[in-house]
Each structure stands twice: as C-alpha cells, then as structure tokens.
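The values are calculated or read from the model by the stated rules, or taken from the named source; none is laboratory data. Keep in mind that what you see is a predicted model, and the values were worked out from it rather than measured. Every residue, glycine as well, gets a Cβ built from its backbone with ideal geometry; the counts of neighbours run over all protein chains shown.
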Amino acid sequence: MEAQISQAITSGWFTKLQNHLISDVIIVGGGPSGLVCAAELASQNIKTTLIEKDLAPGGGMWGGAMFFNQIVFHKDALQLLERFAISYSYYGNDLYVCDAVEATSSLIYNATHKGAGIFTGICMEDVLVKDNRVSGVVINWSTVKKDRLHIDPLSLSAQAILDATGHPCEVVSVLCRKNTIHLNLPSDTIPYEKSLNAEAGEKSCLEFTQEVYPGLFVSGMAACGVSGSNRMGPIFTSMLLSGMKAADLILQSLNREN
Ligand code: 48F
C-alpha cells in the first residue's frame, strides 16, 4: 500500500513535469496578475505553465493589507470578479470589497481548472536566451536557492514568458544582469517602483503591461517595477486587468509567430 501511494505521487508528478517541459507560455509568479493570465490563456487552449516559488500560489493577495484580509477593487474590475465567480460588496466611491481568501482561491481554482500546469516550491533562477529572444526559464527547487546549495538546475522552454514576479521583477532583473540587451522601455536599467500613489500606480501598471524584450512580457507589479512607476498599495484592480492584458498580448504574439 505505502509503495503504491508513493508510486501514485511520483508518477503523477513526473508525468505532469514532462508534459510541461515545452509549453506555449511560461508564467513566473502566481500572484493575482499571473493567475488571471494563466486562467485566460489556458481557457483558450494555450499550453500554460506557471512556476511559483512558494508553497501556494496567491502572492500578495492572501494577506489583504497588514493581514486584514479584505481586497479592494475599483468598479473597472467588476466584469472579472463576475467571470471568476468572486463575491463582492459595494463600499462607496466606485470601490468594492471582497474576501481575500475567496478571491485568491477563486483565481487559483480557475487557473488550474482551465488546465494551466502550476508548479509550486520551484523558482526561476535564470532565463534561456537564444537568437536575441527569451525562449525559456531555468528552474530549481526554492529550497536549493534558499540554502544556497550548489546544485545545477533544469530548464523549461516556451514561446512566450511572463514576468509576474511582483515587486522585484525577477525575470527582467536576471535578463538585464546577465546579458547586454536593450529593453523596449525608456531605460535599459531597471528603475524599480516609486512610492505609493494608488491612482497613478493603477494606471501605469496597466499601461506598462507589455512585451519588454522579444519573448518576455511583464504584468502586475513587475510592470510598475520595470517602468519606474508608483506602487498602488492594497488595491487590486490593475492586477486583474494587467493579467488579462498580458494574456491578450501573448495571444497576439503567438498568432504572429505561428
Ligand atoms: O507579488 P505578487 O502578488 O504579484 P502581482 O501579480 O500582484 C501584486 C499584488 O499582490 C500587491 C500589490 C498590488 O495590489 O502591490 O503586491 O504583481 O506575486 C508574485 C508571485 O511571484 C512569486 C512570488 O512568490 C509571488 O507569489 N515569485 C517571485 N519571484 C519568483 C516567484 C521566482 N524567481 N520564481 C518563482 N516565483
């Protein structure tokens, strides 16, 4: 019995990994923007792999603000709240409030249920760059990175990669650190985010959700970080909209390439 349990776990996991060694799209980071993008792409039959370094996806969404686990959205997000079956109540001034646990788990459920392959406890440590294009990510166990163990990684390939790693914009950071490249941005060095301004941050997050280098897109706080935009604090409208915009841009680019 015990051997069969172990066999069921390992064969299931390795089958899943082998099935995702080559994908259409790899999303690095399972916060709100990455999860929305994963759900949308997978719902359109795009082979989507999401890598999350923590035990569970959700990023900064579980905790609301200072552990007060309520999530605030502007009315612009209502269509997506409906689509992902997230309950909400009206607060006032075009703002709506949701339960963070319901909102986060809904996004995770939608992404997995639509068919995205989500791998947790695994982190992106580098990118594959070929012919001036990002064509994959280099991965390792998060514990290997945390304990600074000298163990070589594996790599996953895809036609498009999304940096949804939030505030540190880790994929773009490693690309810039290890390669001499020109980003599709005003500056080739990453300015990182500016101080909190909710309205300005929400606006620029959406504006700078884009392809920053051939094959590499940014969403959510990573879009603010690479463009030197303000953070918006505990309001999540642009996170959801940015995930949808990233999915649209990636779909257009896949259609162009194929
Ligand atoms: O930070 P995060 O929630 O990203 P987001 O979609 O949303 C930002 C908001 O939560 C909030 C905010 C606006 O309301 O300011 O902060 O931009 O989630 C990013 C996810 O990426 C994972 C990280 O653990 C988190 O779950 N991540 C970061 N670096 C890596 C990674 C990496 N190198 N490999 C894999 N996952």
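Within region 120-151, count every residue that is over 20 Å from LEU21 (Cα atoms) and either in contact with a strand residue (DSSP E or B) (Cβ under 8 Å, 6 or more places away or on another chain) or buried (at least 18 other Cβ atoms within 10 Å of the Cβ) (or both). Residues meeting the conditions: 1.
Of the residues that sit in region 172-202 and are at pLDDT below 95 and surrounded by 17 or more Cβ atoms within 10 Å (Cβ to Cβ), which one is nearest to LEU241 (Cα to Cα)? Within region 172-202, the match that is nearest to LEU241 (Cα to Cα) is LEU185. Where strands (runs of 3 or more DSSP E) sit wholly within region 10-115, those with at least 1 residues that are away from the ligand (no atom under 16 Å from the Cβ) and acidic (Asp, Glu) occupy 22-28. Checking VAL212, VAL226, VAL174 one by one, the residue that is β-branched (Val, Ile, Thr) and near the ligand (Cβ under 9 Å from one of its atoms) is VAL174 and no other. Take region 135-171 and flag every residue that is away from the ligand (no atom under 11 Å from the Cβ), aliphatic (A, V, I, L, M) and either at pLDDT below 95 or under 23 Å from GLU40 (Cα atoms) (or both). Hits for region 135-171 are LEU156, ALA158, ALA160, ILE161. Among the residues of region 121-151, those that are in a loop (DSSP other than H, G, I, E, B) and either on the phi > 0 side of the Ramachandran plot or in contact (Cβ under 8 Å) with a residue 12 or more places away in the chain (or both) comprise GLY121, ASP131, ASN132, ARG148. Among the residues of region 94-106, is there at least one that is of a type in the set (D, E, K, R) and surrounded by fewer than 17 Cβ atoms within 10 Å (Cβ to Cβ)? Yes; the residues of region 94-106 include at least one that is of a type in the set (D, E, K, R) and surrounded by fewer than 17 Cβ atoms within 10 Å (Cβ to Cβ). Take the conditions within 14 Å of the ligand (Cβ to nearest atom) and either surrounded by 22 or more Cβ atoms within 10 Å (Cβ to Cβ) or free of Cβ contacts under 8 Å to residues at least 24 places away in the same chain (or both) and apply them to GLU207. Does it pass? Criteria not met by GLU207. Taking first residues from region 53-70 that are at positive phi and buried (at least 17 other Cβ atoms within 10 Å of the Cβ) and partners that are part of a loop (DSSP other than H, G, I, E, B) and polar (S, T, N, Q), the Cβ contacts under 9 Å between residues at least 6 apart in sequence or on separate chains come to GLY59/THR165.
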